[in-house]
1. Just want to confirm a number: the relative contact order over segment 117-230, from Cα pairs under 8 angstrom separated by 6+ residues, in percent.
2. Any idea what the relative contact order of the chain is, in percent, if you count C-alpha pairs under 8 Å spaced at least 6 apart?
3. Dividing the convex hull volume of the alpha carbon atoms of the chain by its residue count, what do you get in Å³ per residue?
4. Percent of Cα-Cα pairs per 10 Å bin, from 0 to the last occupied bin, for segment 1-103, please list those.
5. Tell me what the chain gives for mean residue ellipticity at 222 nm when only DSSP H runs of n ≥ 4 count, each as -39,500 (n - 2.57), the sum divided by the residue total, rounded to 500 deg cm²/dmol.
6. Would you please put 211-222, 336-347, 320-331 in order of how densely packed they are, using the mean number of other Cβ atoms within 10 angstrom per residue and starting with the highest?
7. Mind jotting down the distance between the C-alpha centroids of segment 352-376 and segment 172-189, whole Å?
8. By how many nm would the segment from residue 8 to residue 56 grow when fully extended, if each residue of separation counts as 0.36 nm and the alpha-carbon distance is taken off?
Ligand SMILES: Cc1cc2nc3c(=O)[nH]c(=O)nc-3n(C[C@H](O)[C@H](O)[C@H](O)COP(=O)(O)OP(=O)(O)OC[C@H]3O[C@@H](n4cnc5c(N)ncnc54)[C@H](O)[C@@H]3O)c2cc1C
């Protein structure tokens, strides 16, 4: 259903790979809450997860729109990029702010699949969206940081070798900005597990391999600090536009999947002696979902255009994420309704995709926070929090 001819070869190749992972593959994993290891390994081997890594470090060196096309294609084929999408944008922190030796050490290994950088430890149970209030500390002790605290919703931690961790390295003092004194540290979880790092899976309404992570005097080499101490919040922020645009592209892919499924079913299913799709009560919600998907796709493309021109499209990236997440959830709801009772049957995959796409109303940023951003930074309204 793509109307965008850009990257047609790339899209075709990703779609071909995805066709090897049909609904029954995802259904089985969903039942067992298991990780799609084969799928992620094949994507990695084909180089699709390293399209953003520059060629000098072993990646394809393509722009963000290529990564968006990969993720959109995966979702529109019915797969779930939530298992691995973070690898695309978390490495951006190392690429933009890491030292040359860190880049040489990690990026080629990530590109080849020898190292997995899937985990991103920012959210904490007590601070939530208020990142500046996080409590995890990393105190310098000789040539190591000693990390103590807890993260929640650290997705894919059990399936990752490395974690980008945001921790407080300078205690908050009076008059200091809450977001100052935070640093980004790369944690090698292979060494850390059982030596101060504990990972506990969280069962959720969809299969997302998310976890809570506990740090108890975990020692991390000081050389794993990314960039300058105390500038971590800014580093994380600079990666957020890319993250939001990529998640938006996934939502567009989801919406396309739902719309295609609903359209096909509405043509095939006959009730009262005619196709249900002949009824406007069935047609219109599909047509509306299509229009909203296309509108959000345009905003994704606009955000990509500005991003690739070297801009800082905070407003467009946020709007793309919100509009695409709304479009995908509207399409999901419409798709269930179009299918009547069968929309709830596991074997149709719709209820699974419905649960999966619901996440993007909340993560990686919830709709309220996007609306607050637009109110304050675009419309000039008073900050509400
Ligand atoms: C499956 C899953 C995977 C995730 N993966 C990761 C990950 O890999 N790494 C990571 O660091 N985090 C991850 N997250 C965390 C995710 O980013 C947060 O859940 C999300 O940002 C919301 O934060 P919170 O859950 O703490 O909600 P809270 O901050 O407690 O907010 C609760 C509700 O209140 C609203 N709210 C809060 N403050 C305001 C305000 N000022 N104005 C209006 N409304 C407000 C929010 O919008 C939300 O609806 C994941 C979450 C989930 C569910």
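Bear in mind these aren't lab numbers, they're just calculated from the coordinates by the rules spelled out. Quick caveat, the model's predicted, so the values are computed rather than measured. Methodologically, a virtual Cβ is constructed for each residue, glycine included, from the backbone with ideal geometry; neighbour enumeration extends over all protein chains shown.
1. Reported relative contact order: 31 percent.
2. 15
3. 141
4. 14, 45, 29, 11, 1
5. Mean residue ellipticity, 222 nm, calculated: -15000 deg cm²/dmol.
6. Packing proxy ranking, top to bottom: 320-331, 211-222, 336-347.
7. Each part's Cα centre sits 25 Å from the other's.
8. 14.8 nm
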